[in-house]
């Protein structure tokens, strides 16, 4: 057996580490930053705070705030134009996974000019990511995606009609600046959804095919951290310990999922592309049904998941699924997908796009279109 392991970038972690961002950018020879973010963070005052930190250090900063919950190819193109108009030499991806993913794709776009679909990982697009990339710092404001330490960007492309994963180790941010204080203002609902996104990364990494004991260990610890701290973060948004542990669990989940993901993410990507369901909510609602689907294919890892969730009786896929459902109830995520806008008419398109998504190829149990539909319907 042969295996290759690669762990992530430089990480600054802890309260007020945002103040160290300018020094990190300068060390990367950056003096004029394009801050890629969304209008919600502008309204919340977080963007102005970060821009002030950058400018106080004698640097320039311009803001591109056109990123949506599911970033699109058009937004990436607009961001690349904004980078050039600002004469920027570095990028700060500030926000949740959408902003950080958009920042990576904009970073790629500066010197890579073929249509974005050419860089689709499913088509071997990573081989085309060869030229220079401007320095990128990732600053998460949610605890969920872990995009600050991942090597991919997920972008919805109109000409392809689905979410495309653009992947390359070269897309990994040069530095991740993880300041839990930036998450204190998150509403409980968003805290819950993004927290379950972090949980899903660790869960799917643990049960996915492949050999990566280091990722498995990180994933299992991440599951424990989310289970213990997410309910607290939802109800006590300024609980420093819970926010810190959730941000670390998010980063750990993204480190772990370099091993692989699975059917949960294939369906969640499709739900985002077809209906616009938030990624964290889609992952959360699908999760118990996907666990039951995988129960016989990954009995050992799912027994570990059940134990990590505090199950003291029979520890298996069924009890792990029940424990996840109990956690979802505690944090208020009791919707079905129908409440999120999914209708019967959407089912064929969601199944088709989920099968096109590469994540399920690492699922411990092979997935057919009929399986996808059954899991989807169970979630509705």
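The values are calculated or read from the model by the stated rules, or taken from the named source; none is laboratory data. Everything quoted here is computed from the prediction, not taken from an experiment. Because the Cβ atoms are built from the backbone with ideal geometry, glycine has one as well, and the counts that use them run over all protein chains shown.
Checking the condition out of contact with any strand residue (DSSP E or B) (no Cβ under 8 Å at 6 or more places or on another chain), under 23 Å from residue 11 (Cβ atoms), at pLDDT 95 or above and buried (at least 24 other Cβ atoms within 10 Å of the Cβ), which residue from 150, 143 passes?
Of 150, 143, the one residue that is out of contact with any strand residue (DSSP E or B) (no Cβ under 8 Å at 6 or more places or on another chain), under 23 Å from residue 11 (Cβ atoms), at pLDDT 95 or above and buried (at least 24 other Cβ atoms within 10 Å of the Cβ) is 143.
Which ones in the stretch 179-198 are crowded, with 19+ Cβ neighbours inside 10 Å, in contact with a helix residue (DSSP H, G or I) (Cβ under 7 Å, 6 or more places away or on another chain) and part of a helix (DSSP H, G or I)?
Listed by number, the residues that qualify are 180, 182, 183, 191, 192, 193, 194, 195, 196, 197, 198.
Does at least one position in the stretch 362-370 carry a residue that is assigned to a helix (DSSP H, G or I) and closer than 25 Å to residue 194 by Cβ?
For the stretch 362-370, residues assigned to a helix (DSSP H, G or I) and closer than 25 Å to residue 194 by Cβ: present.
Kindly list the number of the only condition in (1) in the same structural domain as residue 73 (by TED's automatic domain parsing); (2) at pLDDT 95 or above; (3) not in a loop (DSSP other than H, G, I, E, B) that fails for residue 127.
So residue 127 meets the others, but not (2).
Determine, yes or no, whether residue 84 is in a helix (DSSP H, G or I), exposed (fewer than 13 other Cβ atoms within 10 Å of the Cβ) and either touching a helix residue (DSSP H, G or I) at 6+ places or on another chain (Cβ under 7 Å) or at pLDDT 95 or above (or both). First the steps, then the outcome.
On the way: in a helix (DSSP H, G or I): yes; exposed (fewer than 13 other Cβ atoms within 10 Å of the Cβ): yes; either touching a helix residue (DSSP H, G or I) at 6+ places or on another chain (Cβ under 7 Å) or at pLDDT 95 or above (or both): yes.
For residue 84, the condition - in a helix (DSSP H, G or I), exposed (fewer than 13 other Cβ atoms within 10 Å of the Cβ) and either touching a helix residue (DSSP H, G or I) at 6+ places or on another chain (Cβ under 7 Å) or at pLDDT 95 or above (or both) - is met.
Please go through (1) more than 25 Å from residue 264 (Cα to Cα); (2) touching a helix residue (DSSP H, G or I) at 6+ places or on another chain (Cβ under 9 Å); (3) not in a strand (DSSP E or B) for residue 132 and return the number of the only condition it doesn't satisfy.
Every condition holds for residue 132 apart from (2).
So residue 326 ticks every box in (1) assigned to a helix (DSSP H, G or I); (2) touching a residue at least 24 places away in the same chain (Cβ under 8 Å); (3) over 21 Å from residue 273 (Cα atoms) but one. Which box is left unticked?
Against the list (1) assigned to a helix (DSSP H, G or I); (2) touching a residue at least 24 places away in the same chain (Cβ under 8 Å); (3) over 21 Å from residue 273 (Cα atoms), residue 326 comes up short only on (2).
Here is a list: 230, 136. Which entry is at pLDDT 95 or above, buried (at least 24 other Cβ atoms within 10 Å of the Cβ) and in contact with a strand residue (DSSP E or B) (Cβ under 7 Å, 6 or more places away or on another chain)?
Details: 230 fails: in contact with a strand residue (DSSP E or B) (Cβ under 7 Å, 6 or more places away or on another chain).
136 is the lone residue from the list that is at pLDDT 95 or above, buried (at least 24 other Cβ atoms within 10 Å of the Cβ) and in contact with a strand residue (DSSP E or B) (Cβ under 7 Å, 6 or more places away or on another chain).
Residue under question is residue 173, and the condition is that it be buried (at least 24 other Cβ atoms within 10 Å of the Cβ), within 30 Å of residue 25 (Cα to Cα) and in contact with a helix residue (DSSP H, G or I) (Cβ under 9 Å, 6 or more places away or on another chain); does it hold?
Considered against the rule, which asks whether it is buried (at least 24 other Cβ atoms within 10 Å of the Cβ), within 30 Å of residue 25 (Cα to Cα) and in contact with a helix residue (DSSP H, G or I) (Cβ under 9 Å, 6 or more places away or on another chain), residue 173 comes out as yes.
Please verify whether the stretch 92-112 includes one or more residues that are out of contact with any strand residue (DSSP E or B) (no Cβ under 9 Å at 6 or more places or on another chain), assigned to a loop (DSSP other than H, G, I, E, B) and not assigned by TED's automatic domain parsing to the domain that holds residue 274.
Looking for residues that are out of contact with any strand residue (DSSP E or B) (no Cβ under 9 Å at 6 or more places or on another chain), assigned to a loop (DSSP other than H, G, I, E, B) and not assigned by TED's automatic domain parsing to the domain that holds residue 274, one finds at least one in the stretch 92-112, hence yes.
Give me a count of the residues in the stretch 273-305 that are over 20 Å from the mean Cα position of the chain (by Cα) and outside any helix (DSSP H, G or I).
The total comes to 4.
Under the condition of being in contact (Cβ under 8 Å) with a residue 40 or more places away in the chain and assigned to a helix (DSSP H, G or I), which residue from the stretch 3-39 is surrounded by the most Cβ atoms within 10 Å (Cβ to Cβ)?
Per the stated criteria, the residue is 25.
Could you check residue 158 against (1) over 17 Å from the mean Cα position of the chain (by Cα); (2) at pLDDT 95 or above; (3) within 30 Å of residue 342 (Cα to Cα) and say which number it fails?
(2)
Among the residues of the stretch 90-124, how many are in contact with a helix residue (DSSP H, G or I) (Cβ under 7 Å, 6 or more places away or on another chain) and modelled with pLDDT under 90?
Residues meeting the conditions: 2.
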